[in-house]
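Here is the structure we will look at.
The values are calculated or read from the model by the stated rules, or taken from the named source; none is laboratory data. This is a predicted model, so every value here is computed, not measured. Reconstructed Cβ throughout: ideal geometry from the backbone, glycine too, with neighbour counts over all protein chains shown.
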Amino acid sequence: MSRSNLGLKRCLRVTVFLGMIILVLSLLDRTSPAQDTAPPPQTMTQSSPIFTPAHRTVMDAVREFFGSRQKPVQPIAYTHKVHLANGMQCTDCHVGVDRGPDARIPSVNFCMTCHQVIATDKPEIKKLAAYRARGEDIPWQRVYGFLPSAHVKFNHAPHIRAGVDCAQCHGDMTKQTVAVRMVDHTMGFCVQCHREKNVSVDCVACHY
Amino acid sequence: MERRDFLKISAATGAVAALEGCGNPDHQLIRFVPEEDMLPGLATWKPSICTLCPAGCGMLVRVMQGEAEVVRNGQLGILKMGLPKKLEGNPAHPISHGRLCPRGQAGLQVTYHPDRIKTPLARSGPRGSGQFQEITWDEAMKQLLSHLTALQTSNEQGKIGFLTSPLRGQRKTIVHGFAAALKAAPPIEFAFLASRTIQEANAWSFGSDALPTVDLSHSNYLISFGADFLGTWNSPVAQSVGYGHMRNGRTGQPGKFVQVESRISQTGASADEWIPSQPGMDGVFALSLAHVILSEKLGTAGAAGHAGALIAGWSEGLPDYAPAAVEKQIGVPAATISRIAREAAANAPAVALIGDGPAAHTNGFFNALAVNALNAVLGSVGKPGGIVFSPVWTSQSGKPGAAEGKKDGESSVRTLAEQIHATPDSVKVLLVDGANPVFATPMAWRVREAFEKVPFIASFGSFIDETTVLADLILPDHSPLESWLDDSPESGSTKTVASLAPPAMQPLHNTRSMPDVLLDLAHQLGGPVAAALPWKTYDDALKIAFSSLQKQKGSVSATDADDFWTKVKDQGGWWSAEDKSVSLAAGKIPAAAVKNTAPQFDGSPDQFPFHFLPFASQLCYDGSLAHLPWMQESPDPLSTVMWGTWVEMNPRTAEKLAIKQGDTIEVASQHGSLRAPALIAPGIAPDVIAMPIGQGHTNFTRYASGRGANPISILAPMVESGTGSLAWAATRVKISHISEGKIVMFGASLTDASPELKHR
């Protein structure tokens, strides 16, 4: 057998092996959504009290490894466009963005201060009211955010104080309904702006 | 397949298998509506009080928004809430001065402990089996109430017992007020390291029934008789701060520190001069020093006042205590005694301390009186650089009397056990809060057997321990960080201190604050009990109590009552503006001057050749902190042992008995035996063996159960002859070699120490 043939065979074997692993993994992954709908209480109480950086499912880990992220599916089709068109400001709901590292996502109580009376007949607002009636908060899904493996820290407050517009990193929310990732927060994106504004591009400015 | 491919693939499969093993289903849970609005990512520092030892250090708690898995209305979910992340000393607090000891730092783990009792429990199996079933608070309150009212109707309220850890502040007012109004037996406050003998001696010598505040920052010379004052004794954080000043914090010569003891403690390891002495002879040593001072006219007998006059032979210059006459008894050369006495007299202000072992002999009271007399002749009582007695705040919400006076030693539990054994019917309901006497009393007292005879025991404990496991009903208290707290420490500062802290966090579990439960019970009982405890909640009582401080000159100045209350809450308490010490009244006058009696030991020297000296663990304290994994995981500062216990012995002793480092040995007294690994160290007298208190729990969470041995269990029921306190240093033991081994953990991890934990 020629040497190239040998290499091909080896390559094939590895591919088949990896394929099998991925098949098994995706099967494992498929079992978990069933738990999402009806989680058996026993398994939940037995969840580890010890912090773990591990993923919920193997596919989550694989996805993170390849940097692919699922599109967040929000429990309520909240529309940014309508709220902003009615004269609200970003910071009305995302309080603290100018004071701390993270902006607050308001709780159901905050939404209900207005929606007690406004648009109470709309289906999405009924969903909102139902959450509140059950004593539950809205399980908003994360839209932006860095992967832990990136080891990057971001603090909103200094950016807001420096006059960076929200839209520069989050896109024009007056045109968006449910928040989606409009801007890809890659390192290149951050560094470009840092260069333009002549601020530190030192590694430890963000990676610490 | 090449080796490289193989490695890649096996690494991938291995990682996958590992990941699958520890899935975290947290984002399947529902989210509860948050009860507080916090900004994410920003820390706030909230004042709190450390409750893990009686020192009462003021703390700051770093709180940040986080997500906790909690059960609300029977459903598991995620709650966004302020979560304490770190504990530090409160810089404004006059006791902690911004510092905190390692035990205090670990207080965080009390709140987040995986084995905390999360909801009320009723016993479902045989007593002591640890089988409980979860019940609601309504059911729990109904059960307890029915037992209390049953005794009320049969007019047997005196058969209600209340056993607590030492109490102070409004918590004490409520507990004692509740018991008094119910006409129950007076509550018993139990702690193994209660220092009752020293308090009693101070009442005799100086008229102040309290532990002294030591003004180390101004001292030039310090003689400590056995007191581990930098580690566990009295107010270790305040004393460490003062000691730091004495050594480094001022210009000129640093003060000299002499430690006298028979086993080197962590404190002793810091001493300039460490003097090994015979157990129980500290009083003789102190009087011998006084003899030199008096005979060489370095001080006058009259200057010592009442504290000196108490001692037999004082006015004659203590003729029986000449160094040459007592050097053999004490085990210290006469020349050393004379030199120390001269040094102390020449380096005023000089101060002497007594604590731990020396006060826990059968003659501990005499030892303490002797050291008091030495302090008096050195002129260090009530003076800067000496010992002072802090004025304690005693406002009791306008209900004086309830919390005054009475302090209990360990002996009160012995009395209780004896009473139950004599008339089993004498205690029908026992309420337990924070105390664990089944662990912390000698087996010979038969406390466990006594409690088993009590028909109904209710506990307010947060953890199942050796005492709580006997309970029929458990009404779990909040953790300290979840509770309103107040405290008025008796020592540690020359200011009057009234600490106060609102809850630093919302409760994680279905628990209730014990004072609130008592107030609720009082309201439901009605009549005189409700009238005696008129406050709706614990914080109402606190607000009323603290309002009396507004007019006094202190750390808070406010325009009105609400402003005052807000500022006190923000600051973590109120303390007086000026340093003050209580003016000393003459203490009790005994029928005859106190004479030395030789210390008695249980067991004959032939059969039981060694003195057995238990000592408080730097980490697990008296055993009440053995459930905190940080404390188990921290190496003991002197021996570096972790996750376990050990028996310290002198190399000469070990050689004679052919014992090597880490061998398992058996320590036997007349009252029991235990096995533990030997630790051979030179800092201990050849006829003494020592053992840390704290381990040896049979039932105290996953981290402490079945680990090490409990030295308290084999102690002889010897009592201090003057005060009746347990003389826990008065037991003699023999030791025998059991097997070779390497059970002592020097820098080992949890899984090395206990393989069974790997499988949890």
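Here's the yes/no breakdown for (1) at negative phi; (2) at pLDDT below 90; (3) more than 24 Å from the chain's Cα centre (by Cα):
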{"position": "B:Phe463", "(1), (2), (3)": "yes, no, no"}
{"position": "B:Leu470", "(1), (2), (3)": "yes, no, no"}
{"position": "B:Leu500", "(1), (2), (3)": "yes, no, no"}
{"position": "B:Ile544", "(1), (2), (3)": "yes, no, yes"}
{"position": "B:Gln552", "(1), (2), (3)": "yes, yes, yes"}
{"position": "B:Ser557", "(1), (2), (3)": "yes, yes, yes"}
{"position": "B:Trp575", "(1), (2), (3)": "yes, no, no"}
Could you tell me which of the residues B:Ala532, B:Ala558, B:Ala545 is out of contact with any Leu (no Cβ under 8 Å at 6 or more places or on another chain), surrounded by fewer than 15 Cβ atoms within 10 Å (Cβ to Cβ) and not assigned by TED's automatic domain parsing to the domain that holds B:Ala376?
-> B:Ala558
Considering only residues of the stretch B:721-760 that are within 15 Å of B:Met691 (Cα to Cα) and modelled with pLDDT of 85 or more, which is surrounded by the fewest Cβ atoms within 10 Å (Cβ to Cβ)?
-> B:Lys734
Where in the stretch B:68-177 are the strands (runs of 3 or more DSSP E), entirely inside, with at least 2 residues that are under 30 Å from B:Lys428 (Cα atoms)?
-> B:121-123, B:132-134, B:160-164
Taking only the stretch A:70-105 into account, find how many residues are more than 17 Å from B:Gln65 (Cα to Cα), in a loop (DSSP other than H, G, I, E, B) and without any contact (Cβ under 8 Å) to a residue 24 or more places away in the chain.
-> 5
Is it true that B:Lys8 is more than 7 Å from chain A (Cβ to nearest Cβ), modelled with pLDDT under 90 and either in a strand (DSSP E or B) or touching a helix residue (DSSP H, G or I) at 6+ places or on another chain (Cβ under 9 Å) (or both)?
-> yes
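Each row is one residue, and each column tells you yes or no for (1) among the hydrophobic types (A, V, I, L, M, F, W, C); (2) under 30 Å from B:Pro442 (Cα atoms).
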position: B:Leu549; (1), (2): yes, no
position: B:Ser555; (1), (2): no, no
position: B:Asp560; (1), (2): no, no
position: B:Lys567; (1), (2): no, no
position: B:Trp574; (1), (2): yes, no
position: B:Lys595; (1), (2): no, yes
position: B:Ala598; (1), (2): yes, yes
position: B:Gln607; (1), (2): no, yes
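Yes or no, residue by residue, for (1) more than 24 Å from the chain's Cα centre (by Cα); (2) modelled with pLDDT of 95 or more; (3) surrounded by fewer than 24 Cβ atoms within 10 Å (Cβ to Cβ):
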{"position": "B:Trp630", "(1), (2), (3)": "no, yes, yes"}
{"position": "B:Thr640", "(1), (2), (3)": "no, no, yes"}
{"position": "B:Ala668", "(1), (2), (3)": "yes, yes, yes"}
{"position": "B:Arg675", "(1), (2), (3)": "yes, no, yes"}
{"position": "B:Gly683", "(1), (2), (3)": "yes, no, yes"}
{"position": "B:Val719", "(1), (2), (3)": "no, no, yes"}
In this structure, is B:Pro489 in contact (Cβ under 8 Å) with a residue 40 or more places away in the chain and within 21 Å of the chain's Cα centre (by Cα)?
-> yes
Given the residues A:Pro139, A:Pro148, which is the only one that is in contact (Cβ under 8 Å) with a residue 60 or more places away in the chain and touching a strand residue (DSSP E or B) at 6+ places or on another chain (Cβ under 7 Å)?
-> A:Pro139
Of (1) assigned to a loop (DSSP other than H, G, I, E, B); (2) at pLDDT 95 or above, B:Ser48 satisfies all except one. Which?
-> (1)
Residue among B:Gly283, B:Gly268, B:Gly252, B:Gly226 that is out of contact with any Gly (no Cβ under 9 Å at 6 or more places or on another chain) and either of a type in the set (Gly, Ala, Ser) or surrounded by fewer than 24 Cβ atoms within 10 Å (Cβ to Cβ) (or both) = B:Gly252
B:Pro502 passes all but one of (1) surrounded by 17 or more Cβ atoms within 10 Å (Cβ to Cβ); (2) more than 22 Å from B:Lys142 (Cβ to Cβ); which number fails?
-> (1)
If you take the residues of the stretch B:516-542 that are free of Cβ contacts under 8 Å to residues at least 60 places away in the same chain and not in a helix (DSSP H, G or I), which of them is nearest to the chain's Cα centre (by Cα)?
-> B:Thr537
When every residue in the stretch B:51-62 that is part of a strand (DSSP E or B) and surrounded by 22 or more Cβ atoms within 10 Å (Cβ to Cβ) is compared, the one farthest from the other protein chains (Cβ to nearest Cβ) is B:Gly58
Among the residues of the stretch B:63-100, write down those that are of a type in the set (A, V, I, L, M, F, W, C) and over 30 Å from the mean Cα position of the chain (by Cα).
-> B:Ala68, B:Val70, B:Val71, B:Leu76, B:Ile78, B:Leu79, B:Met81
Set B:His97, B:His93, B:His113: member being at positive phi and buried (at least 19 other Cβ atoms within 10 Å of the Cβ) | B:His97
Restricting attention to the stretch A:137-175, which residues are closer than 19 Å to A:Tyr78 by Cα, more than 13 Å from chain B (Cβ to nearest Cβ), at pLDDT 90 or above and touching a helix residue (DSSP H, G or I) at 6+ places or on another chain (Cβ under 8 Å)?
-> A:Cys166, A:Ala167, A:Met173, A:Thr174, A:Lys175
Positions within the stretch A:107-136 being under 15 Å from A:Ala77 (Cα atoms), within 14 Å of chain B (Cβ to nearest Cβ) and not hydrophobic (A, V, I, L, M, F, W, C), in sequence order = A:Tyr131
Residues located in the stretch B:662-675, provided they are touching a residue at least 60 places away in the same chain (Cβ under 8 Å) and either in contact with a Leu (Cβ under 9 Å, 6 or more places away or on another chain) or among the hydrophobic types (A, V, I, L, M, F, W, C) (or both) | B:Gly662, B:Ile665, B:Glu666, B:Val667, B:Ala668, B:Ser669, B:His671, B:Gly672
